[in-house]
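The values are calculated or read from the model by the stated rules, or taken from the named source; none is laboratory data. From a predicted model like this one, the values you see are computed outputs, not experimental measurements. So basically every Cβ, Gly included, is an ideal-geometry build from the backbone, and we count neighbours across all protein chains shown.
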Amino acid sequence: MTDSQFKAIPFHHKVKEVENLDSSIVIAIISFVGTCIGSIGGILATAKLTNYRLSQLEQKVNAHNNLITRTYELEKNMGIAFEQIKEEKADIEEIKRDIGNLSK
C-alpha cells in the first residue's frame, strides 16, 4: 500500500481491527484460564483418587499383616498345646505302668 492508499482507509476501520484484536486476545486469555482450571481440576481429582486407593490398599495390607500375626500366634499356641498333650500322654502311660506294677 502506498501512503495515499493508507490514508484513504477510514479511521473507524482501524478501530474495528483493534477491537477485533482485543476481543481475540480476551478470548485467548479466557480459553487459557479455562484450560488451566480444567487441568488443575483434573490433577486434583486424580490425586484425590490416588490417595483414596492408596489408603484402601494400606487397610488391606494392615488386615493381611494382622492375619499373619494372628496365624503365627495360633501356630505357636498349637505347638505348646501339642507339647502339653504329649507330656500328658507320657504322664498317663507312667500312671498306667505304676498301676500295673501295684497290682502285681
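Go through Ser39, Ser103 for me and flag whichever is small (Gly, Ala, Ser) and surrounded by 10 or more Cβ atoms within 10 Å (Cβ to Cβ).
Ser39
Does Asn20 fit the bill of being assigned to a helix (DSSP H, G or I), surrounded by 10 or more Cβ atoms within 10 Å (Cβ to Cβ) and at pLDDT below 95?
yes
Residue-wise test of (1) surrounded by 10 or more Cβ atoms within 10 Å (Cβ to Cβ); (2) at pLDDT 95 or above; (3) polar (S, T, N, Q).
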position: Ser4; (1), (2), (3): no, no, yes
position: Ile29; (1), (2), (3): yes, no, no
position: Leu49; (1), (2), (3): yes, yes, no
position: Arg70; (1), (2), (3): yes, no, no
